[in-house]
Amino acid sequence: MVLENAGYADVIGSGNMPYLSSLAQQYDLAKSYYADTHPSIGNYFMLTAGQIYTNDDTFNGPVSVDNVVRELNAAGKTWKSYAESLPSVGYIAGDSYPYLHRHNPLSYYTDVVNDPNQQANLVPFTQFAIDLAAGNLPNYSFVVPNAHDDAHDCPANMSTCQLSDKLKAADSWLQTNIAPLIANADFQKSGLLAIVFDEAQTSDVTHGGGQVAAVLISPQLKQAYQSTTLYQHESLEHLTMQVLGVTTIPGAGATAPDMSEFIP
């Protein structure tokens, strides 16, 4: 799952996100992880297609390049995108605030846009708790909080706010909605959750998109492990495909530094 627009130092150990910081201590943290670009949309494409397809946040697609949906389907793996405030199942149109299209990359790909059966895997986030309780989570999930809950905009009950307010609201949302996943018996057997920020604040252009927090939570990985190796979104794309046994990884993910140091 992806959160928005905050640098590493604003998140880890800052006091703004105590729950996420506690997960980073208990599980795994990539301390030298950098976004690829500014603004948001290029990073979402890097995470799911291994390339910065566009840096135009107003772009509405479609996109025909190789992507994780295509390779997951080819490998016989299931997938869903769980997007908070998505207007309806299969919705592939533009923004419907506080849902932002550019934060839901799987809804751009022609593999989905041109196939009603695949569109049915674009679901509102309310379906996540249902699928978790029923043991019906897919092999690959992309979780999309809405703009009030992903630290992009102010919380729903605030018209003006500081970055700290946005991060505290996102942290509270994580604790409410993600803690049940981590505690789930099936997840504790074989699950992997990556929580990452799409980009740092625009003033930080180091390695393209600035230093961001990337927390990995899994019983399959080392515990309480911190890495100082340089990684970017294409490496996380590689890891998510690797642990699922998908051998064809789209774009730059195929040759990106792998994150196998986290695997025991």
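What follows draws every value from the coordinates through simple rules; no lab data is involved. Keep in mind it's a predicted model, so treat the numbers as computed, not measured. Cβ placement follows ideal geometry from the backbone for every residue including glycine, while neighbour counts extend to all protein chains displayed.
Exactly one condition in (1) surrounded by fewer than 19 Cβ atoms within 10 Å (Cβ to Cβ); (2) charged (D, E, K, R); (3) touching a Ser or Thr at 6+ places or on another chain (Cβ under 8 Å) is false for E199; which is it?
(1)
If the Cβ limit is 8 Å and pairs must be 6+ apart or interchain, which residue in region 56-67 that is outside any loop (DSSP other than H, G, I, E, B) pairs with which residue that is surrounded by 14 or more Cβ atoms within 10 Å (Cβ to Cβ)?
Note: pairs meeting the criteria are V63/F45; V63/A49; V63/Y53; V63/Y108; V63/Y109; V63/T110.
How about region 74-92: which of its residues are more than 12 Å from V112 (Cβ to Cβ) and assigned to a loop (DSSP other than H, G, I, E, B)?
Across region 74-92, the qualifying residues are A75, G76, K77, T78, E84, S85, L86, P87, S88, V89.
From T126, T78, which residue is surrounded by fewer than 16 Cβ atoms within 10 Å (Cβ to Cβ) and touching a residue at least 60 places away in the same chain (Cβ under 8 Å)?
Exactly one of T126, T78 is surrounded by fewer than 16 Cβ atoms within 10 Å (Cβ to Cβ) and touching a residue at least 60 places away in the same chain (Cβ under 8 Å), namely T78.
For S172, indicate whether it is of a type in the set (S, T, Y) and surrounded by 20 or more Cβ atoms within 10 Å (Cβ to Cβ).
no
Looking only at region 109-122, count every residue that is without any contact (Cβ under 8 Å) to a residue 60 or more places away in the chain, out of contact with any Asp or Glu (no Cβ under 8 Å at 6 or more places or on another chain) and under 19 Å from F45 (Cα atoms) and tell me the total.
Number satisfying all stated conditions: 8.
How many of the residues making up region 141-186 are in a helix (DSSP H, G or I), polar (S, T, N, Q) and more than 19 Å from the chain's Cα centre (by Cα)?
The qualifying residues number 1.
Anything in region 216-238 that is of a type in the set (A, V, I, L, M) and either assigned to a loop (DSSP other than H, G, I, E, B) or crowded, with 24+ Cβ neighbours inside 10 Å (or both)? List them, or say none.
L216, L221, A224, L230 - these are the residues of region 216-238 that are of a type in the set (A, V, I, L, M) and either assigned to a loop (DSSP other than H, G, I, E, B) or crowded, with 24+ Cβ neighbours inside 10 Å (or both).
Exactly one of (1) among the hydroxyl-bearing types (S, T, Y); (2) over 30 Å from V11 (Cα atoms); (3) under 19 Å from the mean Cα position of the chain (by Cα); (4) crowded, with 16+ Cβ neighbours inside 10 Å is unmet by T110. Its number?
Condition (3) is where T110 drops out.
If you scan region 7-28, which residues turn out to be buried (at least 23 other Cβ atoms within 10 Å of the Cβ) and under 27 Å from P250 (Cβ atoms)?
Listed by number, the list holds a single entry, D28.
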